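*Asks:* Supplied in structure tokens, the structure appears directly below.
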Amino acid sequence: MIYGLLGLLGVVTAGFAGVFFKDVYKNRKNLEKETHFYLNMGFGFITDFFDTLGIGNFAPTTALFRAFKQVKDRILPGTLNVSHTIPVVLEAFLFLAVIKVEFVTLITMIAASVVGAVLGAGVVARLPERTIQLVMGAALLVTGFFMIGGQMDWIRDLGTGEAIGLTGLKLIIAIVANFILGALMTAGVGLYAPCMAVVYLLGMTPKVAFPIMMGSCAFLMPPASAKFVKAGAYNKKAAVGITSGGVFGVLLAVYVVKALSLTLLTWLVIAVIFITALTLLRAGIKEKKKLHHI
């Protein structure tokens with residue numbers, strides 16, 4: 001059944017790739033001049049390398065975009081989703097094939113995240129820049145707190161377990177949670193850390209989080225990202241650059257890095273997340289004050 005799921009994922013991803021690359025080719029003479037392709041290729045390599053190790057790529061990519069002034073805040077969510085779709089799908093193929101998880105739990109949580117993302121993308125793509133800034137700032141703060149909980153073992157202690165699947169009320173909670181996380185994904189908040197928290201809290205073994213969260217992202221990102229592409233709500237040059245570098249980052253992380261201490265690096269990422277979140281919230285609040293003065 002897993003191979004059937006992977007086959008379906010391949011078809012869905014091929015559909016997205018067709019929409020994505022057709023749009024880039026169609027607009028090849030009008031690509032963003034302020035965006036540097038090779039710089040973003042480097043961003044993709046770094047962020048998807050560590051994404052494969054479970055750190056997440058949305059928050060670090062957002063920080064890099066803002067630090068180097070590569071992507072406007074208005075189209076950050078779309079650019080993040082479109083850019084990382086293909087690298088994340090590659091991650092899912094690698095993890096779904098090697099880590100055992102109960103199929104009903106896996107497929108229902110993935111389906112819930114896809115529905116949440118599809119419904120969310122249609123709304124997020126049309127939101128004003130100030131709303132994007134405020135939503136993303138708040139979302140990144142939530143992600144940061146989840147990551148701190150994981151680092152301090154607060155979450156793990158609450159939900160230690162060895163289960164590889166869920167039933168009954170716990171399964172319903174997991175489905176609802178992943179639906180919400182799928183919608184938040186389109187607002188620029190990464191799904192990994194919150195999904196890990198859900199897994200821990202519901203008593204599943206932590207390693208199960210990898211196929212669930214990567215499978216969820218892999219299935220929700222192609223249809224959600226296709227909506228951003230069709231709406232023109234993304235930076236094309238940045239997306240192609242990050243996709244290109246991201247594929248190499250994933251492969252290096254999987255096949256070269258077997259064991260790496262991520263404690264210090266994760267704390268650094270948490271610091272970046274909070275700094276970026278506060279910057280976005282500040283920008284959104286300033287923009288709100290400007291609107292009130294008009």
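*Asks:* Just to be sure, is Ile86 within 13 Å of the chain's Cα centre (by Cα), at pLDDT 90 or above and in a helix (DSSP H, G or I)?
*Replies:* The answer is yes for Ile86.
*Asks:* Right, next: If a residue counts only when it is within 13 Å of the chain's Cα centre (by Cα) and among the polar types (S, T, N, Q), which helices (runs of 4 or more DSSP H) contained entirely in the range 125-243 have at least 2 such residues?
*Replies:* In the range 125-243, the matching helices (runs of 4 or more DSSP H) lie at 209-231.
*Asks:* Give the range 139-168 a look and list any residue that's closer than 19 Å to Val101 by Cβ and either modelled with pLDDT of 85 or more or in contact with a strand residue (DSSP E or B) (Cβ under 9 Å, 6 or more places away or on another chain) (or both), or say none.
*Replies:* The answer is Gly159, Gly161, Glu162, Ala163, Ile164, Gly165, Leu166, Thr167, Gly168.
*Asks:* Please pick out the residue among Ala92, Ala14, Ala63 that is modelled with pLDDT of 90 or more, surrounded by fewer than 16 Cβ atoms within 10 Å (Cβ to Cβ) and not basic (Lys, Arg). Walk me through it before giving the result.
*Replies:* Working: Ala92 fails: surrounded by fewer than 16 Cβ atoms within 10 Å (Cβ to Cβ); Ala63 fails: surrounded by fewer than 16 Cβ atoms within 10 Å (Cβ to Cβ).
One residue alone meets the criteria, Ala14.
*Asks:* If the Cβ limit is 7 Å and pairs must be 6+ apart or interchain, which residue in the range 1-26 that is closer than 16 Å to Gly232 by Cβ and touching a residue at least 60 places away in the same chain (Cβ under 8 Å) pairs with which residue that is part of a helix (DSSP H, G or I) and among the aliphatic types (A, V, I, L, M)?
*Replies:* Phe16/Ala226; Val19/Ala226; Val19/Val229; Phe20/Val82; Phe20/Val229; Asp23/Val229; Val24/Val240
*Asks:* Something else: Kindly indicate whether Val198 is closer than 26 Å to Gly4 by Cβ, surrounded by 22 or more Cβ atoms within 10 Å (Cβ to Cβ) and among the hydrophobic types (A, V, I, L, M, F, W, C). I'd like the intermediate steps shown before the answer.
*Replies:* Working: closer than 26 Å to Gly4 by Cβ: yes; surrounded by 22 or more Cβ atoms within 10 Å (Cβ to Cβ): yes; among the hydrophobic types (A, V, I, L, M, F, W, C): yes.
In short, yes.
*Asks:* Now, a different point. If you go through the range 1-11 one residue at a time, do you hit one that is of a type in the set (Val, Ile, Thr), buried (at least 18 other Cβ atoms within 10 Å of the Cβ) and either outside any loop (DSSP other than H, G, I, E, B) or at pLDDT below 95 (or both)? Reasoning before the result, please.
*Replies:* Residues of the range 1-11 that are of a type in the set (Val, Ile, Thr), as a first pass: 2, 11.
Still in the running and buried (at least 18 other Cβ atoms within 10 Å of the Cβ): none.
Within the range 1-11 (the criterion being of a type in the set (Val, Ile, Thr), buried (at least 18 other Cβ atoms within 10 Å of the Cβ) and either outside any loop (DSSP other than H, G, I, E, B) or at pLDDT below 95 (or both)), the answer is no, since none of the residues qualifies.
The values are calculated or read from the model by the stated rules, or taken from the named source; none is laboratory data. This is a predicted model, so every value here is computed, not measured. Don't worry about glycine lacking a Cβ; one is built from the backbone with ideal geometry, like all the others, and counts go over all protein chains shown.
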